[in-house]
Every structure is written in C-alpha cells, then in structure tokens.
1. According to the Cα gyration tensor, what semi-axes, each the square root of 5 times an eigenvalue, does the equivalent ellipsoid of the stretch 529-653 have, listed from largest to smallest in whole Å?
2. Please work out the average accessible area per residue across the chain, using the 1.4 Å probe convention, and give it in Å².
3. Given axes a ≥ b ≥ c from the Cα gyration tensor, I'd like to know whether the stretch 1-113 is rounded (a/c under 1.5), prolate (a/b larger than b/c) or oblate.
4. For the full complex of protein chains and a 1.4 angstrom probe, list Thr502, Thr417 by accessible area with the highest value first.
5. For the chain, what is the mean residue ellipticity at 222 nm derived from helices alone (per DSSP H run of n ≥ 4: -39500 (n - 2.57); sum divided by total residues; nearest 500 deg cm²/dmol)?
6. How large a share of the accessible area of the stretch 228-375, in percent, is made up of carbon and sulfur atoms when the probe is 1.4 Å and the other protein chains stay in place?
7. Over the heavy atoms of Ile170, what accessible area does a 1.4 Å probe trace out, to the nearest 10 Å²?
8. Give the accessible area for Cys357 in Å² (nearest 10); use a 1.4 Å probe, count only protein heavy atoms, and leave out ligands, DNA and RNA.
Amino acid sequence: MELLSPLPDSHRSLVTEALEALGVTRWVLSIHDPSFPGLPGEDLGRGSPYSEGAARFLAFARDLGFTGIQLGPQGQTTAYNPSPYDGTLFSRNTLNVALAPLTDPHGPWGALLSPDTLARLVSEVPEAAGPEARYASACRGQARALQEAWDTFRRERDRVDAPASILALIRRFADFRLEHREWLERDALFDVLAARYHTPDDWRGWADSLDGRLFAPRAGEVMQAEARIRELLTAEADAVEQYAFRQFLVHEQHGLLRELAGAWGLKLYGDLQIGFSPRDTWARQGLFLGAYLMGAPPSRTNPEGQPWNYPVLDPEQYVAPDGSGPGPVLSYLDARLGKMLSEYDGLRIDHPHGLVCPWVYRAGSADPLRAVQGGARLFSSPDLPDHPALARYSIVAPEQLDRSLPRYADGWVKGLTEEQVGRYALLFDSVVRTAREHGRAREDVLCEVLSTLPYELSRVMARDGLGRFRVTQKADLNNPADVYRSENVAPEDWVMVGNHDTKSLWRLISEWQWRHALRAQADYLAERLYPEAEGREDFARRLARDPGLLAQAKFADLFASRARSVMVFFADLLGMPDTYNAPGSVDARNWSLRIPTDWAEHYQQRLRVGAALNLPQVLAMALRAGGAEARARHAELLTRLDEAAVRLRSGVR
C-alpha cells in the first residue's frame, strides 16, 4: 500500500527532537471512528479506523510526530443514536468493519464479499443527504454487506474441499468464540429478543417479562431464567453464531490496526465511557440502583446540567458481602478493563466523577432536567432532606460538608481522612491497578476532568499523580486563577486547545474577530510567548492583525506550558471549522463530521494561508517562549524548524 503524506520524510525526527527539547513526552491526536477518511469506492459513507483511507491518514499522523491516537468509544451504536458514548461496552461497532478487505481473495478473510456487491452498495450512498439519512443508509448497507460475508463463510466452511484459508478462518473464529463466550452470548441474545418482540435496540416494552430480566431474575426465577437462556441459545443458534462472526471480523481488524500503529510507534488510547448502552443495561441490570440515575450537575461547561439517563452502579455490590473479595460490580469492571487493556495501549477515563463521586438524580421523574438540577453526589449526601435514601451510601459525616456552597460545588466536601479517600477510590483504583498490571504507564491513564473537580475526586487522583484536562480555548482571560489558563497547567495534566465537545479553534477565531476579541487573546498570548518586555507589544499587535498567526500562537501556548502531554482534535489540526459534537443538544449533525477524501489537498491549501496547524512553526514559537537562553541553546534546531515551516506552507517536500 502506497502511503501518501504531505510531509517531508525528515519531518518526524525533527518534531521528535523539538518535543524532547520542550519536555513533551506525549503528543496525541484525538479522532473518533466515523471521522476517519476513506478512499473512493471504499466505504458506505461512514469512516472506519480499519480502512485503507484511515491507514493513509495515520501515516500522516506518524510523519507529523504524533506518539499516540486517542480514539472514542468503539462500542456498537444503535440505528437511531450514533453517539459513541451510548454504545456497547463489550461488543465492538460493526459499522467499523472495513468492507474492501473482505473482497480480497488473498487477504486474511478471503473473498467473503463480492466486489460487485461493494460497488453497488457504494453507489447507493446518498451523498447529498443530511447526516441522519447518511447514518441510516450506512447502517442498512453495512448490514447487507455483513450478511453476505456471513453467508459466504457458512457456505465455504461446509464444503468438503474447503481451502486452507477457510480452515484457518474457522479455527480463529472458534478460538474467538471460546475466549469471549460470556459477553458474546449475552449481547447476541439481546438482538434475538429484540427481533422477537419487534423492538430493535430497545427492551423497555418487555422489561417486565422473564426475557426482560434473564440475567437478573427475581427470587424463585433463577432456574426458569437459566432454562430460557439454554432454550434461546439452541433455537437461535444461527443468529447467535452470526452475531459472533460479525464481532470476530471487527475484532480481528482492530488487532491489525494495533499491530500497524505499534510498528509506527503510535500508541492507541481507548475511551472508558461512563455510560451504558440499552444492551448493557439489560444484560447487567442486576448491578444497578433502581431509584437513581447518573447525570451531570450544573457547571461552567453545562450551566443547566444534563440528565444522562445512565444507570448507577450499586455501591453495596462493589465488594463481596463479607468483604473477602470483589463483588459483582468490581468483577464486571475487572472483566471490562481486562478486555480494553488487551486492545489498547492506554485509557481515557470518561467523566471519572462517575467512578468516584457520581452525581445522581431520581429515576422516573416527569422533568429529568429539573431532577438532575436537584440531584446530589452519591457518596457525599449524609443528611439531605430531599434525598434521605442516599444517607446509607454516604462516606462523609455531616460536619465534613460546607453548606454555604451548592451541593454540586467542588468544595461541598471540605475534608477527608485517608480511609475515606480509599473508599471513594474503590472503582477508580481498579482502573489504575489493572492498567499497571497490564504494563501501562501512569501517564497512559487520562482523566477527563474539565471545569468540575470535586474535592473527593481531586484527592483520589492525587494519590496516583494523575492530572486533569486543560482546554485552553475556554480560558477566562480576566481570571488569573482560571483552571483553563496555560500558566496554571501542571506537568501531569493534559493540555489541548479543544476536544470533541468544543467548537473548532478555527470557528472560534472567526467569532473572536466578529466580537473584536482578538486583541485580548493576542495580549494574553504575547505575555505567554514573548518573555521580553521589549518587543512584546509589537508581537501582540501582529497577532491581533493576523488571525492565522494568532491560531498558531494558541497552539504554541500548549507546548510552552509545563504539561508533558499535549493533545489536538483532528478538526483543529486540519483547519476544519465545523463542530463534531455540541454537548447537551439533540442535533443530527452531532457525531457526523468526517475528514474528506481529499484531505491532504485541503490541508495544504489551508497551510498556505495559515488556516491549519503548522507544527514546525508552532514548536519554534514554543521554544522561543523560553527566552534568550533557550533561543541560544536551541539555535540550530530553531533554524531547521523555521525552514520546515516555510516548506510546509509552500508545499515543498
């Protein structure tokens, strides 16, 4: 495969040298599965990290000096909800199966899919339709393609003279089913029952039946449930096996991606989402509290709060009743973590508050938003009159609360003993411990803490030396103590301009221009990047006059901070002005932004006008922020970076 890159061959070593000079050990690109580019005729209108188009983009990331790729959650999404944070926890998303490799008779899976079928499905992609229609079309087309792949496999394996390639495929598939039997059968039975009840991806209509609680039967129903499971596995053996085969394909393709990334020196980071899909809620409903749900309290990020409707793990099932070992909750978490850490080199913990001090609200409310605004922290509510049921779970005593603050405030809990911190940390410690057991470095566990860092969570994270996320586009320039200002970044933090839930920097630059706010940004960045007073005002004026230069300075501010870990979202890297997800909104455009097929050409065009990340220019600016001594020490490196920045803008390799 010819991997094209708009970057010179020496670029990676130059970037690596500059990162080392800046003390940056992790330079990570964040991108979710649907956003990967494809090649013409390769897919059905939705990206996949396992396609050839994705491989070419990852080669570009390698050449740009990235050390890792942060993926989003990769679980199976439903036909009506493309959010990866509502996907499954064990099953992978079969929309990610790259179809072109399935047409190759010499590939790992043989010719399971006809090239004519792929061409026909590609021709049916509604290019001019909106994101909702395109997603629905991708779901339908992928299902048809995978059905043909299954039919071909089943036909070929039944041949008396089955070729050696099919025999090898049969053996690998059998090994996969044996290794993952527990979750494969549970997840497959959900599809079986949803089809029988004519409620795809939803189980609420049959929740009160035995089928609705097969894996959490009531007292006296255990034997019936076990018999029903055996009956369904026998009667629906073909459907269960077909489900496993689709999972087998996507798991094998992920394994190949990990091998490729490893060979290129790129770590793959998974996303440990805090929520549960409908499938996982059904399969593991016995682990949850019945009366409460998890959401996000009012905060700077979301002033109204968000009723996520996620189930809450039952604290009384964390450990065994006699305290002798893990209970059902920790056993589930250990299984999930073991699988993830066998598939990724590191983990992003989505909303770690949910593991340590979840914000909960009453289930069944007619007004979920009002309910979440009046919620409370599960382990920090010893005597709330509106939530008396939470007192049994409280780790703190009433006198440990600061009642002058809202109960969602970071300082609501004002002090903890080490023993109490350990109790808050029970689930979080399981994540960190399992990561270490799998040989992962401390820095490869990322904590997605944004504007809200409750005292309880801060104490837990501090035990392991873990930092938070600093999203500099949100910095309050009028508050020197603001958590998002780069001068407040700690070495253990992860710093970024934006993420998948923020506006693109390039959109913000336009808004700052319209609001006449560029000068305030320029003054702040000049203070950060131009250490000498003489000349700083001229530098600030240049930034204010040149939005493209100001954008590069915004990136340079990341590398000039004390953080050892820097992350960039793909839209910020490539100069794309669109938003990937607007949190708290119901919008078909969410989760649909994709890198175009001709992304390299677009990137080069934007570089010429300063409208995309020019990494050599940014790194040079960050190095010069160290002052005269740093400029002298790195003079030769700065010269090479300056030359590389010019070449990059001009398109000369």
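1. Square roots of five times the eigenvalues give 29, 18, 14 Å.
2. 40 Å²
3. On the way: a/c = 2.71, a/b = 1.45, b/c = 1.86.
Judged from the Cα gyration tensor, the stretch 1-113 comes out oblate (a/c at least 1.5, b/c at or above a/b).
4. Thr417, Thr502
5. When only DSSP H runs of four or more count, the value is -13500 deg cm²/dmol.
6. 54 percent
7. About 50 Å², rounded to the nearest 10.
8. Per-residue accessible area (Cys357): approximately 0 Å².
The values are calculated or read from the model by the stated rules, or taken from the named source; none is laboratory data. Only a predicted model underlies this, so the values are computations on that prediction, with no experimental measurement involved. Every residue, glycine among them, receives a Cβ derived from its backbone with ideal geometry; neighbour counts consider all protein chains shown. Just so you know, the surface numbers come from the protein's heavy atoms only, side chains and all, with ligands and any DNA or RNA stripped out. Shrake-Rupley method; radii C 1.70, N 1.55, O 1.52, S 1.80 Å.
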